[in-house]
Amino acid sequence: MKKTRQFSDSCSSVMFVMFVMSCFLVLFSYTDSLSHVNNALRIQNTFFSEAENDEFEVVRYTWKCESNKCVRYHTNTQEVSLNTCNMMCSQPSLWPKPEKVIVTYKNSTVIDKTRISFNFSTQWQVYNMLINTTDLFKRNLELLKPGNQTTPRATLHIIISIQDTTTDKLKLGTNEKYHLVVENNDNLEAVIVAETYFGARHALETLSQLIWYDDVIDELRILHNVDIIDSPKFPHRGVMIDTARNYFPLDLIKKVVDGMAMSKLNVLHLHVTDAVSFPIVLPRVKQLAAFGAYGRDMIYSPEDIKNLVQYSLTRGIKVLLEVDAPGHVNAGWNFAGESLNKKYVICGESDILNGHLNPDNDEALLVLEDIYNDLLELSGYNEMFHMGSDEVNLTCWKGTQAVKTKKAENSMKQFWASYTNQMLERLKIANDGRYPDHIIMWSSPLTESSELDTLDVKVTIQHWLGNPSSILRRGHKVIYSTVGQWYLDCGFGMWKPSMTSGVCDPYTPWQKFYKHRPWVINGYRELALGGEVCLWTEEVEVDSLETRIWPRSAAFAERVWSDPDTMNDYDVYSRLVSFVDRLRSRGIKSSAMWPRWCSQNPGKC
Amino acid sequence: MGKAYLVLMVILLCSKLYESASNSLWRWKCNQSAGACTRVSGDVDATLYPSLETCRLVCGTAGGLWPQPTVGTVLSDGLFQFSLSSLKFEFASEDNDVTTYLKEIADLFNKTLSSISASNCSNTDNTVTISIVVLTNNMDLNWKTDEGYNLEILTAGKENSVKISANTIFGARHALETVSQLIELFSNNNGEVCHVIVDEAKISDAPNYNHRGLLLDTARNFLSISSIKKHVDGMAHSKLNVLHWHITDSQSFPLELPTLPNMTKYGAYSDSKIYHPTDIAELISYAKLRGVRIIIEIDAPSHAGNGWQWGPDAGLGDLSVCINQQPWRSFCIQPPCGQLNPVNSNLYKVLKDLYSDVINMLPKGEVFHMGGDEVYIPCWNSTPEIIAYLGDKPRTTETFLDLWSDYQAQALEAFDSAVGNTNTPIILWTSHLTEVSVIEKYLSKTRYVIQTWVPAADTLPQNLLDLGYQIIASTKDTWYLDHGFWGNTVYHNWRVVYNNKIPTASGTLGGEVCMWAELVDDSSVESRVWPRAAAAAERLWSNLKTNADQAERRFYRHRERLVSRGINAEALTPRWCYQNEGEC
């Protein structure tokens, strides 16, 4: 390490600076292949070897592009960094893969991180959002840790044009398409053309991935003569986090949002409550959190949620808040009293996990309406609404008066459907008398049965278990969260002694997340809104939230953004490894994909 | 006695409660017969504890202690409130090194317990005095070290005294660890946060096994020194005492050797991913203060590739063969390939230098791990130099095993000549050489300790014991912490780790959980290891007849303790199950 410091000292000497500058003149006057880059850099190496001849224990590798693959070589002095080789050698390391990338010349220029100019109109309604995004763009360059940049480098001019300058909310139909051109003719220019703010934001994300840190020269480089046209294959690209089984502080959730923004994911679905805890403070029913949160420091205040919603929107992400019902309720609910008809939740006393809304107490539905009102207000968004409806245990309801009264003419499933209709009615009232466009429910025996047709609304199904064919046949829209493919929590064994095995073991590696294409397996491609990866958190807390999510959610992100037909191992592995390094450069923790040797020797593992 | 000091908060149920969304309405009640703390709300009751943590301190036979003491544990259910600033230490030992060590562990003890939230405690009348008596001056931590201790806590009026006696400083350190687990934060009626200690206790404790280890692999992926220190912290809190450092492998050679700078030059991932001799020295003393010794493994002759490429340029020929050879499946079981070249006599000169450098970094007499696993014969069998050396010999498995054992004999000779004696214990993994039918032909039972890595059902550990070998058990299908993320392996959760029982015959030095690092680096290694390594720690320290279900409450508490002490231990259950003992 000491040796490195000497190395950079010599870098700062005047002679060195002049030399490197002249190198770049040579380097960047060539515009075709990497072999020229190598030639140019070799002159520079002579200089290094003379200066550093006796520094023998310093590790030095260089990468050469051979048959479109980067090959590691040993050298006494570095020549080409792995990052540079990866960007210049085959496909540039972009994740998720854009629809169309045309690189006319493989060429790069060193840029000045302090001189990034932006050009867009102050008149636009989305001006402030753009300002936030461009600030983020600059901060992210800072995080790539380039050197002190004492000498002039190229200024990057970024010109943004947006056709619809008023759309500041992300909806299912929002156009996320963008066109990005980076050229270095008279000026180094990145031109972004997008229909909406959200497309422009994605373009900046892509642009930031065309810039990389070159550790050989301790500078930032940008790839240019690039033309990218890009848009997502699916409009709903989500990560679901369960904040009820275990609690996660807001700042940590924001870090997940950061990683999602980098991956062009656009839905953060918070399964915010469950039977075991109720951490969200809802203004109309504060008692739920008062009695249901794990601790006073384990809550989300209304301000927290509003803050998260805005933070996410700037990053091209909408927040879906799910308070699961009529099952998966318990903690916090029975604040009202002890007598049976006053209980909002029943069946939860012997088994915390088995609480259900009490059909004999109509007030439970009124509480639900208050909850819906608060959720709609806090998320500032009502195009989609998630009602939960997961894993209702019908035996719980069997003993209730409501069931006994109706049982003569109805099956239990019919009862479930009629109760769901009552819930839908409360949602409608909360949403100013009209149903949200997309009401989402988890797949269940109800959604798989013909009773699905008796619901008052054609609901959207978040499909996790079983065969979705009957749902699709009935023409319902689907969001895929296939267990065993897109579940982030599986593989850690049983968490309570009474279980004989983990619910959804084994662990799902990122390759499976990448390859899963439920719309190909099940057909009805037009009904697929997209997908969500799900992190249930019985065995996850602060310590491992991020490493459970990354890099697997990134692998999923390319599936729902690009939906590639094939998987070229070399291409996918090397781009994903570069992306993981980028996640880490922005402070996001990601699990290791393999021994580092495999990153340094692309295609050799 | 004790109950007099039990300070409890009065619960005021008022409308304010809803506003603040706090959970301060909960209290915990200890049901001593079930050993369970139960969450209750509402009533004001003198037998309630204000937090689960304070209830757990005293509830059940071993409270919240981890690992459970072995000889005897008596805990009162009373708590003595104090401020950390009124806690004093007394040392009886005259010996300088011993006293220095005790002072340092006392500082660590204070650091572990100090908390920003407890800075407002104004209770300075109550005092706690911890007196430590160490009966020997022995400063060495090895397989013979007596780590036992006796601990007594008494309270008289405003004075609480903790008396520790142990044969060695390491026993005293473990005793202090136990004391730290008898102390919790406590919010009193005055709105202050103080500490409480169990007011009366008597504990007598000693480990079942003397080798209680965690293997860290820093070659597949590099781990920073600060990450390794976190593991040492976790080990100290769980009374594990061996960090087995699998420091090199075929992927990388991150250990800087003063005599052989080419090893890192050719083998480190980058110049920031190197362990310098100063790092090693610092880590060894860091670990010693935490009751942990470090055993270095340089795996050979297999698992040795990157780092060994420089032989030809230095005029020494191929020190290792098949390095990075492709297609790798033909030459090794995991990329990149590399296996030392046993027929190159220069190799043994280099090995002697290598061993010399490593020995210089270690305490005198420390054992050494030579690896010795997974030699892949097709590599040697495809190397012209080796084929030529074998001449007319039939290239059978036995021929190659003989070649391998020749290598092992010469490597041992190189080690002995570097260390200057012939009795340093050497550890080897089980392999073809350690099979019951051949081990006595190849490996001396007085020199080698065998680390077994076979499944629980395999009889090899017992068979080796029967032959008179000493073993260290790393049960593959329960104590391999990397399982569950590759191939057909399954994750071994803490219950499986805990329930693994290893042979009890005296030849069993102990066991190790193994963290192979193909799929972990700094970002996830802590949560992969912890708290599961702590489950093995109780197996190795206490070796209770009962299984994980009986240990659940203490273990859940220990996981929280690890987290509060800065270790990213993975979650075990929804927090509700932690807060409601025995109800999940």
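No lab work stands behind these numbers, since they all come straight from the coordinates. Treat the numbers as computed from the prediction; the structure is a model and nothing was measured. Using ideal geometry, Cβ is built from the backbone for each residue, glycine included, and neighbour counts are taken over all protein chains shown.
Structure notes:
- Cα convex hull of chain B, projected area averaged across orientations, nm²: 28.4
- With Cα atoms, 0 to 90° folded angle of helix A:250-263 axis to chain A main axis: 60
- Note, ³J(HN,Hα) from phi for the range B:69-82, Karplus 6.51, -1.76, 1.60, rounded to Hz, x at Gly and Pro: x, 9, 7, x, 9, 10, 10, 7, 9, x, 10, 10, 8, 7
- Shielding by partners for peptide A:534-546, expressed as the average number of C-beta atoms from other protein chains within 10 Å of each residue's C-beta, is 5.
- Per-pair calculated FRET efficiency, R0 = 35 Å: B:S417 and B:D313 via Cβ, rounded to 0.05: 0.85
- Cα-based Kirkwood hydrodynamic radius, the range A:394-467, one decimal, Å: 13.3
- For the range B:520-538 and the range B:69-123, distance of Cα centres in Å: 27
- In chain A, the longest principal axis of the Cα atoms and the axis of helix A:2-12 are about 60 degrees apart.
- Burial ranking of peptide ranges B:239-247, B:507-515 (average Cβ count within 10 Å, highest at the top): B:239-247, B:507-515
- Per-residue shielding of B:246-253, expressed as the average number of other chain Cβ atoms within 10 Å of the residue Cβ, stands at 2.
- About its Cα centre, the range A:205-347 has a charge dipole of approximately 820 debye under the convention of +1 per Lys or Arg Cβ and -1 per Asp or Glu Cβ, with nothing else charged.
- Gyration tensor (alpha-carbon) shape descriptor, the protein assembly as shown, a/c threshold 1.5: oblate
- Three-way shape label, the range A:177-223, alpha-carbon gyration tensor, a/c 1.5: oblate
- Cβ crowding within 10 Å averaged over residues, with A:325-336, B:369-380, A:248-259 ranked highest first: A:325-336, B:369-380, A:248-259
- Principal axis extents of the Cα atoms in the range A:148-217, from largest to smallest and rounded to whole angstrom, are 45, 26, 16.
- Ranking of B:V520, B:V232 by count of other Cβ atoms within 10 Å, fewest first: B:V232, B:V520
- Inter-chain shielding of A:586-593 (mean C-beta neighbours from other protein chains, 10 Å cut-off): 4
- Gap separating the Cα centres of the range A:145-215 and the range A:59-85, nearest whole Å: 29
- Separation in nanometres of the label points that stand 7 Å from Cα toward Cβ, at A:K458 and A:M499: 3.8
- Compared with the dominant principal axis of the Cα atoms in chain A, helix A:127-143 is inclined by about 60°.
- Amide H contacts for B:H244 (H built 1.01 Å from N in the peptide plane; partners 5 or more residues away or on another chain; cut-off under 5 Å): B:L214, B:L215, B:L216, B:I295.
- For A:N107, the residues 5 or more places off, or on other chains, whose built amide H falls under 5 Å of its own are A:H224.
- Value of Rg/Rh across the range A:385-515 [Cα atoms, Kirkwood radius]: 1.03
- DSSP finds beta bridges in the protein assembly as shown, and of those with both partners inside it, around 45 percent are antiparallel.
- Scanning chain B for long hydrophobic helices, with DSSP H runs required to stretch 30 angstrom or more by C-alpha along their axis and to average at least -0.5 on the Kyte-Doolittle scale, returns B:397-419.
- Per-residue 3J(HN,Hα) values for the range B:126-139, derived from phi via the Karplus relation 6.51 cos²θ - 1.76 cosθ + 1.60 with θ = phi - 60°, read 6, 10, 10, 10, 9, 10, 10, 10, 10, 8, 10, 9, 5, 9 Hz in sequence order (x marks Gly and Pro).
- Peptides B:359-365, A:540-546 ranked from most to least packed give A:540-546, B:359-365, packing being the mean of other C-beta atoms within 10 angstrom over each peptide's residues.
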